[in-house]
1. Among the residues of the stretch 52-59, are any open to solvent by less than 50 Å² (accessible area, probe 1.4 Å), over 15 Å from the mean Cα position of the chain (by Cα) and among the hydroxyl-bearing types (Ser, Thr, Tyr)?
2. How about the stretch 23-48: which of its residues are surrounded by 13 or more Cβ atoms within 10 Å (Cβ to Cβ) and on the phi < 0 side of the Ramachandran plot?
3. Which of the strands (runs of 3 or more DSSP E) found entirely inside the stretch 48-100 contain at least 2 residues meeting this: closer than 24 Å to Val36 by Cα?
4. What number of residues in the stretch 85-100 are in contact (Cβ under 8 Å) with a residue 12 or more places away in the chain and open to solvent by 50 Å² or more (accessible area, probe 1.4 Å)?
5. Does the stretch 101-117 hold any residues that are touching a residue at least 12 places away in the same chain (Cβ under 8 Å) and either open to solvent by 40 Å² or more (accessible area, probe 1.4 Å) or part of a loop (DSSP other than H, G, I, E, B) (or both), and which are they?
6. Which one of Val11, Val61 is of a type in the set (Val, Ile, Thr) and within 30 Å of Val93 (Cα to Cα)?
7. For residues that are open to solvent by 40 Å² or more (accessible area, probe 1.4 Å) and more than 13 Å from the chain's Cα centre (by Cα), tally how many sit in the stretch 69-84.
8. Any idea which of Val11, Val61 is among the β-branched types (Val, Ile, Thr) and without any contact (Cβ under 8 Å) to a residue 24 or more places away in the chain?
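The values are calculated or read from the model by the stated rules, or taken from the named source; none is laboratory data. In this text, all values refer to a predicted model and were calculated from it rather than measured experimentally. When we count neighbours, we look across all protein chains shown, and the Cβ atoms used for this are built from the backbone with ideal geometry, even at glycine. Heavy atoms of the whole protein, side chains included, go into the accessibility calculation; ligands, DNA and RNA do not. Shrake-Rupley method; radii C 1.70, N 1.55, O 1.52, S 1.80 Å.
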Amino acid sequence: MSRLTWILRKVLSTIGGRTLAMLIVLILAYQVWIGVTAMSKVADGVGEELDRRGTFTVDVVLGFPPERFHMLELQAYGRVQGTTDNVLHLRNVTQEDVDAMARKYWIKEIRPGRSLR
């Protein structure tokens, strides 16, 4: 029996060790789930219409009217242009911003933005 196997058996034989192992499995499963669902949240056409700075506009669809928390949280990814019902309009967004936003569980969909002007 190798030393690593011995250590794993010793750790997993305790309640604390099994709890820690279960927590690690749950965190990994959650991260996989977030990654898989993130891909399906981004609609076709997002990021196709770049402005001169290489950014674009997106509409972020939530399952509820956006509150102050959501607006402040999404300001890290672009400039809030306004809201319409359950949709928050962001401009000056990059592809990296879209990837990061899609990993948020409370965002339903990210669509190509429309100008509010």
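1. Scanning the stretch 52-59, I find at least one residue that is open to solvent by less than 50 Å² (accessible area, probe 1.4 Å), over 15 Å from the mean Cα position of the chain (by Cα) and among the hydroxyl-bearing types (Ser, Thr, Tyr), so the answer is yes.
2. Within the stretch 23-48, Ile34, Thr37, Ala38, Lys41, Val42, Ala43, Val46 qualify.
3. In the stretch 48-100, the matching strands (runs of 3 or more DSSP E) lie at 56-62, 87-93.
4. 5
5. Residues satisfying the conditions are Arg103, Lys104, Tyr105, Trp106, Lys108, Glu109, Arg111, Pro112, Gly113, Arg114, Ser115, Leu116.
6. The match here is Val61.
7. So the count comes out to 9.
8. Among Val11, Val61, only Val11 is among the β-branched types (Val, Ile, Thr) and without any contact (Cβ under 8 Å) to a residue 24 or more places away in the chain.
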